[in-house]
Amino acid sequence: MFVGDVTELQRIPGYIWIMRTAVLSYIALRDHRLMSRVNRWPAPRWVRAWMLCATRGGDGWLWYGMGLMIALFGGENRFVAILTAALAAGLGIALFLRLKKAANRKRPCALERHCWATLLPPDEFSFPSGHTITAFAVAVSLSHFYPSLELGLLFCAVSIAASRILLGMHFLSDVVAGAAIGTLVGYGMTGLAGMLV
């Protein structure tokens, strides 16, 4: 048996469990190292203000305002765009609520005090980032209907995702997973809307 022979390695009892454990341990170690650095970083005032505004926008206010603007000025597809984004956000919320309870991962702010952020988390679980799932689900779905807004929408989604890390609410892997899930949900809802309209 050669080490590079994956089929032989996979026959070893517990191979998948061992590999899964090794990968998750590697990710957790990197997440905790980054968390320690971020929680001790005395960010400049402009970064603090940007991150606080981004995370508050990610609480829903940004997307409600965007929905209102699209309803007023969004052209003939505005209601389909709003419905698609709302369904994407709703599915994203349902997914993250289920995944957070299943993963049962503590938030960084529960493990180590942050040097400047004093926000209280919306719940006790960290994985995946609900703010990030919702941000990417809405940004991707609205970008389909309004390509000229794509850069701005993605900037908002990335800002929300970064804010969750820099404010000590999430680990990097929570946010990466949230962005991937949100993107898939956004594309999925956009595809569904395309089939129905």
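The values are calculated or read from the model by the stated rules, or taken from the named source; none is laboratory data. Here the structure is a predicted model, which means the values were calculated and not measured. When we count neighbours, we look across all protein chains shown, and the Cβ atoms used for this are built from the backbone with ideal geometry, even at glycine.
Would the range 62-85 turn up any residue that is loosely packed, with under 15 Cβ neighbours inside 10 Å and under 23 Å from Leu172 (Cα atoms)?
Applying the first criterion (loosely packed, with under 15 Cβ neighbours inside 10 Å) to the range 62-85 yields 64-65, 68-69, 71-73, 75-76, 79.
If we keep only those that are under 23 Å from Leu172 (Cα atoms) as well, we get none.
Looking through the range 62-85, none of the residues is loosely packed, with under 15 Cβ neighbours inside 10 Å and under 23 Å from Leu172 (Cα atoms).
Give the number of residues within the range 72-112 that are of a type in the set (D, E, K, R) and touching a strand residue (DSSP E or B) at 6+ places or on another chain (Cβ under 9 Å). Give the steps one after another, and end with the answer.
If we filter the range 72-112 for residues that are of a type in the set (D, E, K, R), which is where we start, we get 76, 78, 98, 100-101, 105-107, 112.
Okay, now just the ones that are also touching a strand residue (DSSP E or B) at 6+ places or on another chain (Cβ under 9 Å), so 100-101, 105-107.
Count: 5.
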Which residue out of Leu52, Leu24, Leu9 is modelled with pLDDT of 85 or more and assigned to a helix (DSSP H, G or I)?
-> Leu52
Do we have Ala88 as assigned to a helix (DSSP H, G or I) and modelled with pLDDT of 95 or more here?
-> yes
In the range 43-102, anything over 14 Å from Ser141 (Cβ atoms), without any contact (Cβ under 8 Å) to a residue 24 or more places away in the chain and in contact with a helix residue (DSSP H, G or I) (Cβ under 7 Å, 6 or more places away or on another chain) is listed as Ala71
Is there a residue being within 21 Å of Val185 (Cα to Cα) and among the charged types (D, E, K, R) anywhere in the range 105-125?
-> no
Exception for Ala110 within (1) without any contact (Cβ under 8 Å) to a residue 60 or more places away in the chain; (2) crowded, with 18+ Cβ neighbours inside 10 Å; (3) assigned to a helix (DSSP H, G or I) falls at (2)
In this structure, does Leu142 turn out to be over 22 Å from Met51 (Cβ atoms) and either touching a His at 6+ places or on another chain (Cβ under 6 Å) or buried (at least 22 other Cβ atoms within 10 Å of the Cβ) (or both)?
-> yes
Surrounded by fewer than 15 Cβ atoms within 10 Å (Cβ to Cβ) and aromatic (Phe, Trp, Tyr), is that true of Trp41?
-> yes
Considering the range 163-178, residues that are small (Gly, Ala, Ser) and buried (at least 23 other Cβ atoms within 10 Å of the Cβ), and then whichever is farthest from Thr55 (Cα to Cα), we arrive at Gly178
